[in-house]
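**Q** Encoded as structure tokens, here's the structure I'll be asking about.
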Amino acid sequence: MNREAISERISGAEASPTTLRWTFRDGSLSLERPVLVGVLNVTPDSFSDGGRFLDPALALAQAERLISQGADMIEVGGESTRPGADPVLAGEELRRVIPVIRAVRERSGVPLAIDTSKPEVAEAALQAGAGVVNDVTALADPEMLPLLVRSGAGVVLMHMQGEPRTMQNAPRYRDVVSEVTLYLERAAGGAVAAGVPRSSVVVDPGMGFGKTTEHNLLLIRELPRLLATGYPVLLGVSRKSFLGAILGGRPPGERVSATVGACVVAYLRGCRIFRVHDVRAVRDALTVAEAVTTDA
Ligand code: HH2
């Protein structure tokens, strides 16, 4: 199907996810209520929490804090993907994330995701207790898809234009919403055709990954078009620089209210999965948004 045909089909669609339960290795989550994925970066250089949770004991304490604030899933990452970030070797990524995944799994049954695009890291993380692979390259490595099929892992497929080192240099699209939607529909369709259950696949337009502020805003505004693919959408707006830019250059730690505002708008547009650092603030806001919009 060509781009115009897909645009035609998805325009004017209702904002209602067809998958009402996200299933993954050893678990599932209802999508009838907002799902919050708490971010735990075990890195020295992440843009908002870099260096804070490199010590496994501190990472574990942060996971427990995120769970107590209402996180439905904890996502552990060992490589920053911020604009300009340098890649990390698999050995170093494994050293960062595996002890943390093991420690959280020993103390809690909370679903865990691994944020990686390396199959060897994903595989070790799944063995250590993760149930979902969040891959910002949408399965660029050909080993990732067979791993998902044989492990039963859930997957988040994210759109990125370019690669982290250079992606913000000059992002360019003819029609950002159609291009991102088509890319994700193809990636998700490929995963399902290879044997990943449809209910295990979540798509993500990739806020800030090769996108200007205007591109990010359009993708949020037009979320119903992405949802019309039938796959649930995860959105990662948390503390991102486009929010700081809208506010005249705020640093990451001062973008919490902006994050909350963007999540509420996305919720009203049909998004049900939110990848956030500030779980309590977003949970409170979405609980109120739900109460206002749900009939008693
Ligand atoms: N954003 C970041 C990392 N991984 N994964 C998905 N699916 N969607 C996102 O928007 C996304 C992501 C960047 O945020 P963060 O992890 O806080 O920073 P860093 O990449 O610097 O570690």
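Only the coordinates and a few stated rules stand behind these numbers; no lab work does. Just so we're clear, the structure is a prediction, and the values are computed from it rather than from any experiment. All Cβ positions, even for glycine, are placed from backbone atoms using ideal geometry, and neighbour counts span all protein chains on display.
**Q** May I ask you to compute the full-extension gain from SER68 to ALA245, defined as 0.36 nm times their residue separation minus their alpha-carbon distance, rounded to one decimal in nm?
**A** Net length gain for the segment: 60.6 nm.
**Q** Now, a different point. Mind running the shape call on segment 173-296? Use the C-alpha gyration tensor, a ≥ b ≥ c as the square roots of the eigenvalues: rounded below 1.5 for a/c, prolate if a/b tops b/c, oblate otherwise.
**A** Verdict is oblate for segment 173-296.
**Q** List GLU106, GLU179 from most exposed to least, where exposure is judged by having the fewest other Cβ atoms within 10 Å.
**A** Going from least to most buried by this count: GLU106, GLU179.
**Q** Grab the Cα-Cα distance for LEU89 and ALA57, subtract it from 0.36 nm times how many residues apart they are, and report the gain in nm with one decimal.
**A** So the extension gain works out to 9.2 nm.
**Q** Give me the dipole magnitude in Debye, nearest 20, for the chain about the Cα centre, with unit charges on the beta carbon: positive for Lys and Arg, negative for Asp and Glu.
**A** 280 debye
**Q** Right, another one. Please find the FRET efficiency linking ARG33 to SER257, where r is the Cβ-Cβ separation and R0 is fixed at 22 Å, and quote it to the nearest 0.05.
**A** 0.45
**Q** Roughly how far apart, in whole Å, are the Cα centres of segment 180-253 and segment 101-168?
**A** Going from one Cα centre to the other spans 17 Å.
**Q** Order by neighbour count: LEU217, LEU157, LEU234, LEU58, fewest other Cβ atoms within 10 Å first, most last.
**A** Taking fewest neighbouring Cβ atoms as first place, the list is LEU58, LEU217, LEU234, LEU157.
**Q** Please rank VAL149, VAL292, VAL202, VAL88, fewest neighbouring Cβ atoms within 10 Å first, as an exposure proxy.
**A** Arranged by neighbour count, lowest to highest, VAL149, VAL292, VAL202, VAL88 become VAL292, VAL149, VAL88, VAL202.
**Q** Let me check against my output: what whole-number percent is the relative contact order of segment 200-292, with C-alpha pairs under 8 Å and at least 6 apart?
**A** In percent, rounded to a whole number, it is 31.
**Q** Also, quick follow-up: Multiply the residue gap between ASP175 and ALA281 by 0.36 nm, knock off their C-alpha separation, and tell me the result in nm, one decimal place.
**A** 34.9 nm
**Q** In whole Hz, with x marking every Gly and Pro, tabulate ³J(HN,Hα) for segment 223-228 from phi via Karplus 6.51 cos²θ - 1.76 cosθ + 1.60, θ = phi - 60°.
**A** Residue by residue, segment 223-228 yields 3, x, 5, 5, 5, 5 Hz.
**Q** Can you give the FRET efficiency for LEU20 and ALA291, using 1/(1 + (r/R0)^6), R0 = 22 Å, r = Cβ-Cβ distance, to the nearest 0.05?
**A** Taking R0 as 22 Å, the efficiency between LEU20 and ALA291 is 0.65.
**Q** To the nearest µm²/s, what D does Stokes-Einstein give for the chain at 10 °C and 1.306 mPa s, using the Kirkwood radius over alpha carbon pairs as Rh?
**A** Stokes-Einstein gives a translational diffusion coefficient of 84 µm²/s.
**Q** Need one number: % antiparallel among DSSP beta bridges in the chain, to the nearest 5.
**A** Looking only at bridges with both residues in the chain, the antiparallel portion is about 15 percent.
**Q** What nm distance separates the two modelled labels at ARG165 and ASP45, each placed 7 Å from Cα along Cα→Cβ?
**A** 1.1 nm
**Q** List the relative contact order of the chain as a percent without decimals, with contacts defined as Cα pairs under 8 Å and 6+ residues apart.
**A** So the answer I get is 21 percent.
**Q** When only C-alpha pairs under 8 Å and at least 6 residues apart count, what is the relative contact order of segment 66-125, in percent?
**A** The value is 45 percent.
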